[in-house]
Amino acid sequence: MKFNLIKLVVATVFLIVAFSYALATSVDDIVYPVKELSNCKSYEQCASYCDDVANSKDCIAFAKKHNLKYNEFEDIVKYPVAELGNCASFEECSKYCENPDNLGKCVDLAESYGIISERLAHNGRAMISYLKAGTTPGGCYSESECRAYCFEQESRFGECLKFITEAGIITLEEAELAGKVGGKGPGGCTTKVSCEKYCADASHAEECLSFAEKYGFISKEDAENARKFGVNGGPGGCKSEQACTDYCAKEENLDVCATFMLEKGVMSAQEVENFKKFAKVGFKGPGGCKTEKDCRDYCNKDEAFVECTEFAKVAGFISEEEYQKAKQYGAAGKKFLEQGGPGGCKSQQECEVYCKDIAHITECEPFAKEYGVSIPDISKIPEPCRKSGMSIEACTEFCKSNPEACGIPVPKIPPPDVSGGSSGSAQEACKARGIQSYEECTSFCRSNPADCGISIPSYPGYP
């Protein structure tokens, strides 16, 4: 989906992240109490239980057994993880990352794999010096500890807000917004879990959307897209982002999902086509990226070029011609695949058509040299055409009427034989029009070379 209301509502309240351990699934899919998770009796209790790294083994096993999503780290990395001290399990890696001295490496790895966004990576790095100095709010040491300290008592909100503003985790503008909210979300929720639970109720959807839109946590466009889902949910009646993603990831549901998106105006026809292609590969791109931005960020790295090019071909995002071009030019072809050539051309044929226009030749010259695109030799193009930026057709017509201006020699026209004794196309053309002087006949033939039997070739420079 294009939006995630819960994340947007909670996002600016407190942002401290290295890895997220919370169980991410639909509350409707869990039967309480959950024996495997210490008999937790509610979503809040289960989420709190799984926030504790010591319980991650139980939570991972439960998630895998029930085909639920637990965390992206398990899906992407391969053990042992050399970058994290060769940790051989999620628990070992988590313990490694609990040490502030190692947090930088953990954040770097999470960002490189697309597990966290650039902004969340920035927030994680911003916390390192404070964790080492023990100067976080209440001396909290983990995301769950900081969240608990800051939200269990309303009186601490100001302290926490000041801290994350000074640490550069949120901007002054965001701090002002958070201050207006007062640390409370829709329905008075004060924690991620309580806000998730409140906004997961369909009867609270409009309240949560209005809240998020009012305080700038969600754009007007995304809010409208959310409303289009209505109380009946998305395709197949899905009610959460994960549920909708799981439903649409099944090939037999693709057409239903695509039609839904198109009819609701959530996606354009082109976006729907891209959605289908991405769905067929399980909504998982190179490096495990799951959004267009994350995939672009990952594929902007030169070392990921080959992987991304192969993925784009297999998924159908580029044609065979574009794929071959990319292979031919290696990493240098990355810019062409992402941005296109001059004028946004996407193939060699498109680029050659665009670059044959005189007005575009200067723009196209560097591109033509790098990619071997055929363009006119600007030095051979008639100056009047070059200066005015005429099209091929316009320049040809101009040169037919003004051959000398285009550097095309015109044969001397003998004076017409008014007595009718001479022959030749030029003389006959002038005589037929009653032209009697040499000057008038020459002028006429220059303007009308074809009538006078003068052949004007296509002007130089174009293939």
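The values are calculated or read from the model by the stated rules, or taken from the named source; none is laboratory data. If you're wondering where the values come from, they're calculated on a predicted model, not measured in any experiment. In this analysis, Cβ positions are derived from the backbone assuming ideal geometry, glycine residues included, and neighbour counts consider all displayed protein chains.
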**Message:** Based on this model, can you work out whether Phe278 counts as part of a helix (DSSP H, G or I), aromatic (Phe, Trp, Tyr), farther than 18 Å from Ile76 by Cα and not assigned by TED's automatic domain parsing to the domain that holds Lys78?
**Reply:** no
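Take the residues in region 23-61 that are over 26 Å from Gly237 (Cβ atoms) and in contact with a strand residue (DSSP E or B) (Cβ under 7 Å, 6 or more places away or on another chain), then tell me which one is modelled with the lowest pLDDT.
Checking each candidate, the answer is Tyr49.
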**Complete:** The residue from Lys69, Lys64 that alone is at negative phi, at pLDDT below 85, of a type in the set (Lys, Arg) and touching a Ser or Thr at 6+ places or on another chain (Cβ under 8 Å) is Lys69
**Fill in**
Among Cys351, Cys385, the single one that is within 20 Å of Ala450 (Cβ to Cβ) and at pLDDT 70 or above is Cys385
**Request:** All but one of (1) surrounded by 16 or more Cβ atoms within 10 Å (Cβ to Cβ); (2) at pLDDT 85 or above hold for Asp108, so report the exception by its number.
**Result:** (1)
**Message:** Please determine whether any residue of region 201-213 is modelled with pLDDT under 70 and in the same structural domain as Glu154 (by TED's automatic domain parsing).
**Reply:** no
**Message:** Filter region 78-105 down to the residues that are aromatic (Phe, Trp, Tyr) and surrounded by fewer than 20 Cβ atoms within 10 Å (Cβ to Cβ) and list them by number.
**Reply:** Tyr79, Tyr96
**Asked** Pick from region 223-258 the residues that are modelled with pLDDT of 75 or more and acidic (Asp, Glu): which of them is surrounded by the fewest Cβ atoms within 10 Å (Cβ to Cβ)?
**Response** Glu252
**Complete:** Of (1) farther than 24 Å from Glu111 by Cα; (2) modelled with pLDDT under 80; (3) part of a helix (DSSP H, G or I), Glu303 fails just (1)
**Request:** Can you work out which of the residues in region 272-303 that are hydrophobic (A, V, I, L, M, F, W, C) and farther than 17 Å from Glu322 by Cβ is nearest to the chain's Cα centre (by Cα)?
**Result:** Cys289
